[in-house]
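Structure, as structure tokens:
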Amino acid sequence: MLVGHLAVGLAAKRVEPRISLGTLILAAMTADILWCLFLLLGIEQVQFGPGMGAGNYFEATNIAMSHSLLMNAIWAALFAGIYFVSRRYPRGALILFFAVLSHWVLDWVSHRPDMPVAPGFHRYFGLGLWTSVPATLIVEGGFWVLAIILYARFARSRSRVGTYAFWIGIVLITLAWYNNVAGPPPPSARTAPIASFVFFSLIVAWAYWMNLLRPTNIPPSAIN
Ligand SMILES: [Zn+2]
């Protein structure tokens, strides 16, 4: 999933406006960002090839460090722990814990049964939403649209920049997602993790920027 994870961040901002949208989206994308790094380091492996259905052009031969349920829980605890140590805000830490963990649940919905439970434990799960392009567009796209509406009505822009930069970002991300779902496989398996890492980093940076440009109605002193 791509926009499904971002939707978690947008919706979580509504639940907990004190946390920056950038931090929430970083949390929801943690597993994928680690996945890029682990692929580059050779810790994880995927095989690219012609796939069936949405984004199914890779076979996850080894993604247990970034994407297993156990490791996701550990990354979630680490993320929440770092946040708690720096902000001393337990509710925020708890929400970030679940935002990181939500990645496994959403990927379990979208992946074929290749989602690991723990490193070295060879049982895999997945509901396979990605095997159907139309179903992916409807379910993941629907979740994305709902989260955008929820966020945009809640965190309103005070400037034109905040309006344009938000909607241009949304359109670009949606197009990239559509290409990911319905387009061809990436041209090179070697550069794919680098390209993905840059793309994910840009999304997180954009989200931090949106958080500044689209304030919510909470006092600045309450911002974490
Ligand atoms: Zn993922």
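The values are calculated or read from the model by the stated rules, or taken from the named source; none is laboratory data. Remember, it's a predicted structure, so these values are computed and weren't measured experimentally. Virtual Cβ from ideal backbone geometry, glycine too; neighbours counted across all protein chains shown.
Please work out if ILE148 is of a type in the set (A, V, I, L, M), part of a helix (DSSP H, G or I) and loosely packed, with under 14 Cβ neighbours inside 10 Å.
Taking the combined requirement at face value, the residue does not satisfy it.
Taking ALA195, is it small (Gly, Ala, Ser) and either at pLDDT 95 or above or in a loop (DSSP other than H, G, I, E, B) (or both)?
no
Of the residues that make up segment 66-84, is at least one within 16 Å of the ligand (Cβ to nearest atom) and either more than 27 Å from LEU129 (Cβ to Cβ) or touching an Asp or Glu at 6+ places or on another chain (Cβ under 7 Å) (or both)?
Yes - at least one qualifying residue is present in segment 66-84.
For ASN217, all conditions in the list (1) more than 22 Å from CYS36 (Cα to Cα); (2) outside any helix (DSSP H, G or I); (3) in contact with a helix residue (DSSP H, G or I) (Cβ under 6 Å, 6 or more places away or on another chain) hold save one; what is the number of the exception?
Condition not satisfied by ASN217: (3).
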